[in-house]
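S.K.: Before I ask anything, here is the structure I am working with.
The values are calculated or read from the model by the stated rules, or taken from the named source; none is laboratory data. Bear in mind that the values here come from a model prediction, so they are computed numbers and not experimental data. Backbone-built Cβ (ideal geometry, glycine too); neighbour counts: all protein chains shown. Surface areas here come from the heavy atoms of the whole protein model, side chains and all, with no ligands, DNA or RNA. Shrake-Rupley method; radii C 1.70, N 1.55, O 1.52, S 1.80 Å.
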Amino acid sequence: MATVRLEHITKKFGETTAVDDISLTVNDGEFVVLLGPSGCGKTTTLRIVSGLEVQSEGHVYIGDRVVDNVEPKDRNVAMVFQSYALYPHLKIYDNIAFGLKARHVPRAEIIKKVNETAKMLQIHQLLDRKPAALSGGQRQRVALARALVRDPEVFLLDEPLSNLDAKLRAATRIEIKNLHLRLRKTMVYVTHDQVEAMTLADKIAVINQGKLLQFASPMEVFMKPAHRFVGDFVGYPSMNMLGGELEETAAGTFFFTPAIRMKASGAQAGKYILGIRPEDIVVSKSSSKGSLECTVRGLERTGSDNYLFLDYSEGGIVASVTGPDYSAGEKVYVTFDPANAHFFDAVTGAAVPLSASI
Ligand SMILES: Nc1ncnc2c1ncn2[C@@H]1O[C@H](COP(=O)(O)OP(=O)(O)O)[C@@H](O)[C@H]1O
Ligand SMILES: [Mg+2]
């Protein structure tokens, strides 16, 4: 068991800054997910922890040890890749046993470990087969088994489910979560899928353009996004973002967009973005004080949830609604509780502690 600590890690590939001054600590036994869009630096960060990539600046600690100059094989970490990277000519048994054989673990111990692990992951019937005879989900479990038998201090998983279809992905996600609950090993898991991050993580590190924007529990990331990007990236459909200005008037301080006006306090005058989640928007067929008139553009039904796409004078708004009784072109009226509003600095994107009321 071990903690993983990144201290001011930067990685440059020529002109590209793939990782930009990331510091974070993964506590012993914690499941941390690195979440962000393609190209944001997740894989590079994970490879720096594993030692497969060397950082340009900063330090990596595993446990109490600085591992900057420690070879990957001596870091006691195991990495599971998106492309399972199995040896096609070897049987599943030998694929799982490969790392143990390379380290001259006694044969009897290898047999025991491979069998135990294969049972745990329900691939023990497949040990005599070759990878080509396995489904994607089975191959992924072989890759996991190969990492598990090595009994590393830290598991690093890079988008391990992204080659599976949706149903299998959901099932394997639960298996990985259960595996973590059982083993309580330190895990760092990379994904661009916010649902995976929300369901698996003890803590999520949201990364964009190489920068760590927030490192917090899934609930905190969702309820209190620290940056406009986080508010936009986490949650489906995305948070509605409305540009406006905070102005001091004779009647008090107000946040204005052309169509919305709210009392607000907690920040200096200037340009801010108002963020409001689709599920925090109330849609009514009749107007009320301060409501925003909108026209229905369309309704997206997913079965359990319905998303109403609305147009108003400034742009579009998405609202989660229960009833499907809306038709295109219809006029509706939108309100929301200002307590649910998020505010972000229009320039830096950082969350600001503005509080609004009607
Ligand atoms: N070996 C490399 N050489 C040059 N550029 C690279 C290399 N690896 C990654 N990059 C660049 O670094 C950035 C981050 O890549 P990566 O860590 O793979 O992102 P992610 O895993 O989040 O999709 C990208 O712009 C990518 O093109
Ligand atoms: Mg990647």
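S.K.: Under unit Cβ charges (Lys, Arg +1; Asp, Glu -1), what dipole magnitude, rounded to 20 debye, does the chain have relative to its Cα centre?
M.R.: 1560 debye
S.K.: Okay, next question. Heavy-atom accessible area of E109 with all protein chains present, probe 1.4 Å, nearest 10 Å²?
M.R.: That residue has around 80 Å² of solvent-accessible surface.
S.K.: OK, next. State the dimensionless ratio Rg/Rh of region 240-357 (Rg: radius of gyration of Cα atoms; Rh: Kirkwood radius).
M.R.: Radius of gyration over Kirkwood radius for region 240-357 works out to 1.00.
S.K.: Ignoring everything but the protein chains, give the 1.4 Å probe accessible area of H8 in square angstrom, nearest 10.
M.R.: The value for H8 is about 110 Å².
S.K.: Let me ask another. Can you give me the distance in nm between label points at V195 and A170, each placed 7 Å from the Cα along the Cα-to-Cβ direction?
M.R.: Between V195 and A170, the simple spin-label model gives 0.7 nm.
S.K.: Now for a separate question. Which lysines have a Cα less than 18 Å from the Cα of K271, not counting those fewer than 8 places away in the same chain?
M.R.: Straight-distance partners of K271: K263.
S.K.: Given the pairs K11/K185; K42/K130; K73/K101; K119/K177; K42/K224; K11/K73, which are separated by over 19 angstrom at their Cα positions?
M.R.: K11/K185; K42/K130; K42/K224; K11/K73
S.K.: DSSP loop (so not H, G, I, E, B), at most 16 other Cβ within 10 Å: list which trypsin sites (Lys or Arg not before Pro) in region 276-354 pass both filters.
M.R.: Sites meeting the loop and neighbour criteria: K285, K289.
S.K.: At 1.4 Å probe radius, can you tell me the per residue accessible area of the chain in Å²?
M.R.: Per residue, the chain has an accessible area of 48 Å².
S.K.: Here's another thing I want to ask about it. Taking every eigenvalue of the Cα gyration tensor of region 4-233, multiplying by 5 and rooting it, what semi-axes result, largest first, whole Å?
M.R.: Values for region 4-233, descending: 30, 20, 15 Å.
S.K.: Let me ask something additional. Which Cα, out of P131, Y189, F222, lies furthest along the positive dipole direction of region 131-249 (beta carbon charges, K/R +1, D/E -1)?
M.R.: Of the listed residues, the answer is P131.
S.K.: Moving on to the next point. If you fit an axis through the alpha-carbon atoms of helix 166-183 and take the longest principal axis of the Cα set of the chain, what angle between them do you get, 0 to 90°, nearest 10?
M.R.: That helix lies at roughly 70 degrees to the long axis.
S.K.: Hey, if you drop one equal point scatterer on each alpha-carbon of region 240-295 and run the Debye formula without solvent, what base-10 log of I(q)/I(0) do you get at q = 0.16, 0.17, 0.19, 0.27 Å⁻¹?
M.R.: Computed log10 I(q)/I(0) values: -0.56, -0.63, -0.76, -1.18.
S.K.: How much accessible surface area, in Å² rounded to 10, belongs to the heavy atoms of M198 with a 1.4 Å probe?
M.R.: 50 Å²
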